[in-house]
Amino acid sequence: MFTDRNQAARLLAKQLMVWRGHNPLILAIPRGAVPMAKVMAELLEGEFDVVLVRKLRAPHQPELAIGAVDENGWTFIAPHAASMDISVAYIEAEKRMQMKTIEKRRAQYTPVRPPIDPAGRIVIVVDDGLATGSTMMAALHGLRLRQPKRLICAVPVAPADTLDNIRPLADEVLCLQTPEFFEAVGQHYQHFPQVEDDEVIELLRKA
């Protein structure tokens, strides 16, 4: 069990020290991973920013992801969604709603500059943990189109089968723990508070 996100970030950075001195770009999936990306960027002597993706929620089960959408509108639909009798109209409406949230967050998070360009960079995409992996898959897919030099997924904890789905989308996948019994990311941290927008905005402003 990790003490908190900062400890997890330090442990991830320790495993990625080969990229120190290469000005890596650490991209966080908001909101939980943003404080982690700051810690990792400091330790690896790189930059950090956010990559904006949103999960698509199952009807009447908002905690269950049926897929994800990235900032450019590319959509991933999880295989299990096919067995849930979800209409195309519902998915399109959910996609539009989440795209609006992405647009709002981009305006909040980086109001005076565009996102940092990942082209030709060592790019490390970090989250505080993966469950279904939908948002990470959407993030990696969108970033690959922007031609980074190397694309790395770095997370403290995830189920093994989720990592199997992630590996084809990244050049490297780093995961510190793959517990046999996985229910939620938060259960693997002693201290796992909600990260609010104000904290994200302040961290990005200082960066």
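Derivation of every value follows stated rules applied to the coordinates shown; laboratory data play no part. These numbers were taken from a predicted model, which means no experiment stands behind them. Because the Cβ atoms are built from the backbone with ideal geometry, glycine has one as well, and the counts that use them run over all protein chains shown.
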Note, ³J(HN,Hα) from phi for the range 141-152, Karplus 6.51, -1.76, 1.60, rounded to Hz, x at Gly and Pro:
4, x, 6, 4, 5, 9, 6, x, 5, 8, 10, 10
With 24 Å as the limit, write out which pairs from K14/K38; K38/K95; K38/K149; K14/K149; K95/K149; K100/K149 have Cα-Cα distances beyond it, or answer none.
K38/K95; K95/K149; K100/K149
Can you give me the long-range amide H partners of L64? Hydrogens built in the peptide plane at 1.01 Å from N, cutoff under 5 Å, separation of 5 or more residues or another chain.
A58
Listed residues A78, A93, A13; largest mean-square fluctuation, Gaussian network over the chain with Cα springs below 10 Å, found at A93
The set of residues whose placed amide H lies less than 5 Å from the amide H of V51, leaving out same-chain residues fewer than 5 positions away, is A28, I29
Computed over the chain: longest principal axis from alpha-carbon atoms vs helix 197-206 long axis, angle to nearest 10 degrees, is 30
Value of relative contact order over the chain, rounded to a whole percent, pairs C-alpha under 8 Å and six or more apart:
25
What three numbers, in Å, describe the spread of the alpha carbons of the range 1-59 along their principal axes, ordered from the longest?
45, 27, 15
What residues have an amide H closer than 5 Å to that of L176, excluding those fewer than 5 places away on the same chain, when H is modeled at 1.01 Å from N in the peptide plane?
V155, V157
Most exposed to least, judged by fewest other Cβ atoms within 10 Å, I91, I29 sort to I91, I29
A correct Karplus calculation of ³J(HN,Hα) over the range 11-25, with 6.51 cos²θ - 1.76 cosθ + 1.60, θ = phi - 60°, whole Hz and x for Gly and Pro, returns 5, 5, 4, 4, 7, 10, 4, 4, 9, 5, x, 9, 6, x, 9
Calculate I(q)/I(0) for the range 54-108 by the Debye formula, one identical point scatterer on each C-alpha and no solvent, and give its log10 at q = 0.13, 0.18, 0.23 Å⁻¹ to two decimals.
-0.29, -0.55, -0.85
Any idea what log10 I(q)/I(0) is at q = 0.09, 0.10 Å⁻¹ for the chain, Debye with uniform C-alpha scatterers and no solvent?
-0.32, -0.39
If we count other beta carbons within 10 Å of each Cβ, what is the order of M99, M1, fewest first?
M1, M99
